[in-house]
1. For the range A:292-419, what is the charge dipole size about the Cα centre, in debye to the nearest 20, if Lys and Arg each add +1 at the Cβ and Asp and Glu each add -1 at the Cβ?
2. As an exercise, use a Förster radius of 35 Å and the Cβ-Cβ distance of B:Leu175 and A:Ser319 to find the FRET efficiency, rounded to the nearest 0.05.
3. In Å, what Kirkwood hydrodynamic radius results for the range A:205-346 from the alpha-carbon pair distances?
4. Taking the Cα atoms of the range A:64-106, what is the range of coordinates along each of the three principal axes, in descending order and whole Å?
5. Which one, A:Gly360, A:Leu378, A:Pro425, is farthest towards the positive end of the dipole of the range A:356-440 when Lys and Arg carry +1 and Asp and Glu -1 on their Cβ?
6. Cα centroid distance between the range A:114-134 and the range A:234-289, in Å?
7. For the residue pair A:Ala382 and A:Ala84, what label-to-label distance in nm results when each label sits 7 Å from Cα along the Cα-to-beta-carbon direction?
8. Pulled fully out, how much extra length does the chain show between A:Ala146 and A:Ala101, if you take 0.36 nm times their separation in residues and subtract their Cα-Cα distance?
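Bear in mind that the values in this text are calculations on the coordinates, not laboratory data. Computed from a predicted model, the values in this text were never measured in an experiment. A quick note on method: Cβ atoms are made from the backbone with ideal geometry, for glycine too, and the neighbour counts reach across all protein chains shown.
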Amino acid sequence: MRKVTMALGAVLASLLAAPAAFAQVEVDIEGGISEPLPIAVPVMPTPQVASTPAGATDALGRQLAEIVATDLRNSGLFKPAGPAGLPAVAMAQVQAPDYAAWSGAQALVQGYVRAEANGTLTIGCYLYDTFGRTELTRQGFNVAPAEWRRAAHKCADAVYTRLSGEGAYFDSRIVYVSETGPKGNRIKRLAIMDQDGANHRFLTNGQSIVLTPRFAPNQQSIVYMSYANERPAIYILDEGSGRSRLLVQNASLTFAPRFSPDGRYVLFSMAQAGNTDIYRVPAGGGSPQRLTNAPGIDTGGSYSPDGSKIVFESDRSGSQQLYVMNADGSNQTRISFGGGRYATPVWSPRGDLIAFTRQGGGTFRIGIMSPSGGGEKLLSDAWGDEGPSWSPNGRVLTFFRSAQGSGRAQIWSVDLTGSNIRRIPTALDGSDPSWGPIRP
Amino acid sequence: MTKISATLFVAAGLLATAGCAKKRPAVLPPAPGQTVDPNAGIGTGTGTGTGTNGVVPGSRADFQQSVASDTINFGLDQYDIDATARQILDSQAQWLTRYPNVRVTIEGHADERGTREYNLALGDRRANAASSYLATRGISPSRITTISYGKERPLALGSDEAAWAQNRRAVTVVLQ
């Protein structure tokens, strides 16, 4: 995707600096129960209706606005109106909004869609403060027709980041395990989708159990575990070619793979004669380097975003607890001390929090704590919530929720305040979600 | 025998590089009550203890009929071999001593009350505990492979104590 430099860039810069605009429409993100910000998202007009592989441009203008509104609504920070039921916007009004008509909302997203002679689409995206009557940001995207939804996500990201101060996360994907079949013989397939569930695609055929996929930082490959040939082991799937290769040759059980933040290494666990330790290996293959050697089960390692530390779980104390160590395995320090068991730690991409699964009282719940173990907070309350994964901005967690009895699992997400818990729609059941980075 | 092993090894190596190649589900847990070999009647039938109704000596069906059980169970988050499990494994060791060319896979399983990756390690612990016990009874470790299924293949499908107790298990499967 190519970001279009819009005209009036200098004007935009001065508008962004205008303090009056800030105070009126900023979203309060600290409290978990703040009122969502009313924002209007009318249909994006087109200068000339044209037929494209993604559909006619006037229909696209409606769909783009729908995606922007849905993204903003799903964040829990906005209360969008439209595009249905809102007045039509003329092309001439896109950059000169009729503020009086939008006084019911605090902010307004307008845009347009134009088919270019070279077969691409240009989508303009403008955010206005309806009280301050000022433009807050504008962005333009030139995309291949097949990527039209990404332009809508980028537009929503521009609105979200400008009004919340948080990083972008709508233009991102989730890789997960699609599940079907009876509880005793689940068929599991790797699947990939946009964060809103669109563009769903299977990556494996279900002949082998697959588990715990994770994106490479460059998103070109996915590391996962497979029971191919009844030899449970870690594989790396190249998304472009669709081919998988075995990561560690001639090993016993290898599992729990995670990329390092620079993508050069894969952290993983290896069980040998009943003892499990954490290792790292070059992503291209090579000799594993052992990082832990305590008797017991050390697994679930996850790098800090700067790559200097690793959080992992170990039952060396008698039950699963969380530990932090340096990337070379030194200075292993326990950080969790609450009741029950702690598992599946994942370091936030912002570095400030660690999410985990906490088991106790017959339930699994998702929680967060600081890397030093302070400020523990549980975010979900169900029978079987497991396996959190951070959104690229470190603001939202996705996880899977298993039903008592049937064992059926589905993908959910929750804001790190514990609010806005919601299901991410998938056609079949789903587990082991891993949220990928923001797309370039 | 040596030649066969080498061939199998090469074949396994090829498969391992093939990614998601199709594989028979032969080492999955047998369905409850599945103790009769479909090939029963072909063999000669010899005195292997209980089942002499035409079961091939040294076969999977023979194993199922001859041993106290193919499955041992564990306590919650445990992997120690208790007295009941010892009795079962002793019967398996006796049978394996009788058929020194037979190889087995021991599958380790966990109930659904552990997280996925921890349970893979726990299943590995259980399979290895059973394997180690058989080794103390004179069964060569070279005849035993282990595989952990974690919580991926429950036998009992409920979410209650009785189901969980059944699912915490190590199952010995004769390789044919």
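1. Working: 11 positive and 11 negative charges, 38 e Å.
That gives a dipole near 180 debye.
2. Details: r = 36 Å, r/R0 = 1.02.
Once the sixth-power term is evaluated, E becomes 0.50.
3. Details: mean 1/r = 0.0653 Å⁻¹.
Computed over the range A:205-346, the radius equals 15.3 Å.
4. Principal-axis extents of the range A:64-106 (Cα, largest first): 30, 21, 19 Å.
5. A:Pro425
6. 44 Å
7. Spacing of the two 7 Å Cα→Cβ label points: 2.6 nm.
8. 12.8 nm
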